[in-house]
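Here's the structure, in structure tokens; my notes come after.
The values are calculated or read from the model by the stated rules, or taken from the named source; none is laboratory data. Since this is a predicted model, take the numbers as computed values, not measurements. Cβ: placed from backbone, ideal geometry, glycine included. Neighbour counts: every protein chain shown. We work out accessible area using only protein heavy atoms, side chains counted, and drop any ligands, DNA or RNA first. Shrake-Rupley method; radii C 1.70, N 1.55, O 1.52, S 1.80 Å.
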Amino acid sequence: MNVLVIGGGGREHALAWKLAQADGVQKVFVAPGNAGTARDPQLTNLDITDKAALSAWAQAQGIALTVVGPEAPLAAGVVDEFRAHGLPIFGPTKAAAQLESSKAFSKAFMQRHGIPTAKYQAFTDPAAAHAYVDAQGAPIVVKADGLAAGKGVVVAMTAAEAHEAIDFMLVDNTLGVAHNEGGARVVIEEFLTGEEASFIVLCDGEHALALATSQDHKRLMDADQGPNTGGMGAYSPAPVVTPAVHERAMNEVILPTLRGMKADGIPYTGFLYAGLMITPDGQVKTLEFNCRMGDPETQPIMMRFKSNLAQVLLAATRCELDRVALDWDPRVALGVVLAAAGYPLSPRKGDAITGLPADEADRMVFHAGTSAAGGAVQVSGGRVLCVTALAASVAEARQRAYEVVDAIHFDGAQCRRDIGYRAL
């Protein structure tokens, strides 16, 4: 069968790479893809991004399965478009994708269905938002209500930082983020303490199947310093997700979410990512939902994934996940992100990338913000590459990944040197 992956980042490169290995898959198309997917002889880039044009192309080509990687096409209704034409597609509908596309929707949903999360208030009026911060104090969390590519969250350790974030997101709307009804809105949340983990599952509307655990590194610099980003590296498995935490995450967060979405008339299918805060006493609270796999968590998870991904996702489109069991490589996978100069607020594009190695089965360079120009590879986005390695331990996987990181060059490249430190 032929498979289509929608998106052009590191997550989509990893998904397409794994789908191409599946028995029964003849060809994997990536729309639009990047320079990494263009380099892979098993993958074919497709320069189409409009949902109606993609649907028409998939019908004409007899695409047997479409997998949606990023959040923007989901929020725009690409799943609804494909389903209207009888095309099997894995992802949530536009209505279900509000779990990510509107933080206010997500928080109200969690509150309504008893899913543990931080207390919050949503604001469109800057004066009211500032007054709320004055009343609550700091630390406190300010989030832009809408899709912000991982950059719409400020963990303000002082009231001054919170007030600055409100002006940045609500008054100036520097990020250009709009909530679903239009205009700028912020969600201001209670600050939670503990350790974060990424808990990602497959959903078919009725059943949920957990993927391998993983942990992301959101801050730009070592020791979790600097601004929040879309993610500077990740590893799998995550020791912080103990069997007891795993059980709580499924029973207190994931399954109530599936039941709640169904009860609200918008059954949830697709990847569901719960960003969890695991408190010192073992409680689990939901920081956020994403309606797709995390990036860069996808890269280590796909390195460890040993089942037939195409058949697993097809089963999900048929509401048959209860018949599926997943097989995992027992080794550790660790990915280090190389980001552009100026990331996260003003990434510089156009820098030439050199030193890219050949692909290896247990060490891959997944491309994200790259493009091909005259046979050369250059920077085209904020997070540029994710160097991912498999090994017997976190320490060994980290060493193998950084060996490749150190051989790659582009001007102004940024990376953290401590990925995986929590597991060490």
Going by the structure shown, is residue 349 assigned to a helix (DSSP H, G or I) and either buried (at least 17 other Cβ atoms within 10 Å of the Cβ) or at pLDDT 95 or above (or both)?
no
Lone unmet requirement of (1) farther than 26 Å from residue 9 by Cα; (2) in contact with a His (Cβ under 6 Å, 6 or more places away or on another chain) for residue 102
(1)
Return the residues of segment 88-107 that are in a helix (DSSP H, G or I), open to solvent by 10 Å² or more (accessible area, probe 1.4 Å) and of a type in the set (Lys, Arg); say none if nothing qualifies.
103
Considering 356, 334, 338, which residue is without any contact (Cβ under 8 Å) to a residue 60 or more places away in the chain, open to solvent by less than 50 Å² (accessible area, probe 1.4 Å), under 30 Å from residue 378 (Cβ atoms) and among the hydrophobic types (A, V, I, L, M, F, W, C)?
356
In segment 395-424, anything within 17 Å of residue 383 (Cα to Cα) and among the aliphatic types (A, V, I, L, M) is listed as 401, 404, 405, 408, 413, 419
Consider residue 160 against the criteria (1) open to solvent by 40 Å² or more (accessible area, probe 1.4 Å); (2) in contact (Cβ under 8 Å) with a residue 24 or more places away in the chain; (3) over 28 Å from residue 253 (Cβ atoms): it satisfies all of them except one. Which criterion is unmet?
(2)
Can you find even one residue in segment 108-117 that is outside any helix (DSSP H, G or I), open to solvent by 30 Å² or more (accessible area, probe 1.4 Å) and farther than 20 Å from residue 261 by Cβ?
no
Residue that is least open to solvent (accessible area, probe 1.4 Å), among those in segment 283-331 that are among the acidic types (Asp, Glu) and within 17 Å of residue 200 (Cβ to Cβ):
297
Just checking, does segment 249-264 include any residue being buried (at least 19 other Cβ atoms within 10 Å of the Cβ), of a type in the set (Gly, Ala, Ser), free of Cβ contacts under 8 Å to residues at least 60 places away in the same chain and not in a loop (DSSP other than H, G, I, E, B)?
yes
